[in-house]
Amino acid sequence: MSSAVFVRNSRRAFSVIGGGRRGTDALSGVHPVARRSIIDLSYSAHFMDFKGSSIPSSMKKLVVTKLSPNFREAVSLQTVPVPTPGDGDLLVRNRFVGINASDINYSAGRYDPSVKPPFDAGFEGIGEVVGLGLSASSHYTIGDTVAYFGSGAFAEYTVVPTKESVPVPSVKPEFLTLLVSGATAYIALKRLGDLAKGETVLVTAAAGGTGQFAVQFAKQAGCHVVGTCSSNEKAGFLKTVGCDRPINYTSEDLGRTLRKEYPRGIDVVYESVGGSVFELAVNSLATKGRLIVIGFISGYQSASGIPSIKGGTLPVKLLQKSASVRGFFLPHFPSDYREALGSMMQMFAKGKLVCEVDCGELSQEGRFTGLESVFRAVDYMYAGKNLGKVVVEVAPPSVSNSKL
């Protein structure tokens, strides 16, 4: 898919939410704030002080300067002027940004080979509104907290169209986990999983950013949940979020375990690994089983980005079981996004949804802090060390006193 289509579809997904405070009640579970009836004309100057501190004249951001699936090779840290928000835009001071497996697909130029560097990196962020345009001031004010899903998130400041912003009660990284990872699991299982109580669901990479949500939503649907992971620590975590049978594939043979313990097969597979794991999942499907492909991370670091599989017998295997393989790409489901995000935020507010965040506290070099640590965070995720969603803290809560 082209980067232009990817970004356009992402924006469509967020435009259905609508920007501003009118959506706060539905999306966050907090009391709505009355819409401002008077637009302060001073906003026409675009920049405003936030808690008495001025916005600096320059900032750091990550830019793709060379197409490569090697993130460190493709991306460079640059110092550039802080952008000015347009009439309907917000200037967001990023507090946290999310790391996604697809970040290296983007840096490799796989969404649109015709697009050449340089272009900005990063898909999702959360932070405070520190500047805004005149029209945007009818929906937001300085100090509001928002999350967003769009290009250019790996920066200290990002300009975000109002219609693409999501109001959140506070700048907690847990809210960031819902934008892509949570929404992918929620909508994919709801629209493509056709879950029924008592069915068996297999989630691969179950302790990762999106896997953790697939486990919880499948369990909420009354299913028996099996989850793959790479350590006993992750297996322990999976049990706490409702996984009935965690399988540590470093100490157990996944295929043998599935054949022995689930001889009638798996009804639904939520699959993000690809390659041999995909093949094993297909072989493990029950009659009328459904396999949902939400990614194939095992191949992203290769030149093609696609892990090889032995697909010659796939039609026969599907036919014999009346089974299906279904692909899911979040921007293709914009009409489902608002309900998904609202439902998840309500669940989180009520303590009914775990949003596990991994900021690298247990990594060798410590917590992921500052844009420079995005490189470490990407390596950390691809090494399979993360438990939950990998998140980088771009800036601490205090605001710089540097002046324009």
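The values are calculated or read from the model by the stated rules, or taken from the named source; none is laboratory data. In this text, all values refer to a predicted model and were calculated from it rather than measured experimentally. Cβ sites come from the backbone with ideal geometry, for glycine too, and all protein chains shown count toward neighbours.
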>> Residues that are among the acidic types (Asp, Glu), at least 2 per element: which helices (runs of 4 or more DSSP H) completely within the stretch 262-358 meet that?
In response: 334-349
> All but one of (1) outside any helix (DSSP H, G or I); (2) within 19 Å of residue 71 (Cα to Cα); (3) of a type in the set (Asp, Glu) hold for residue 372; which doesn't?
Replying inline: (1)
>> I'd like the full set of residues that are modelled with pLDDT under 95 and either within 20 Å of residue 145 (Cβ to Cβ) or not in a loop (DSSP other than H, G, I, E, B) (or both), limited to the stretch 94-106.
In response: 105, 106
> Mind checking whether some residue in the stretch 80-88 is surrounded by 23 or more Cβ atoms within 10 Å (Cβ to Cβ) and under 20 Å from the mean Cα position of the chain (by Cα)?
Replying inline: no
>> Anything in the stretch 127-179 that is in a strand (DSSP E or B) and either over 22 Å from the mean Cα position of the chain (by Cα) or free of Cβ contacts under 8 Å to residues at least 24 places away in the same chain (or both)? List them, or say none.
In response: 130, 131, 132
>> Considering only residues that are in contact with a helix residue (DSSP H, G or I) (Cβ under 8 Å, 6 or more places away or on another chain) and of a type in the set (S, T, N, Q), which ones fall in the stretch 343-376?
In response: 343, 363
> Among the residues of the stretch 120-132 satisfying the criterion of being surrounded by fewer than 24 Cβ atoms within 10 Å (Cβ to Cβ) and out of contact with any Leu (no Cβ under 8 Å at 6 or more places or on another chain), which is farthest from residue 162 (Cα to Cα)?
Replying inline: 123
> Of the conditions (1) within 26 Å of residue 106 (Cβ to Cβ); (2) modelled with pLDDT of 95 or more; (3) buried (at least 19 other Cβ atoms within 10 Å of the Cβ), residue 243 fails just one. Which one is it?
Replying inline: (1)
> Residues 68, 76, 107, 138: which one is of a type outside the set (Lys, Arg) and farther than 30 Å from residue 272 by Cα?
Replying inline: 138
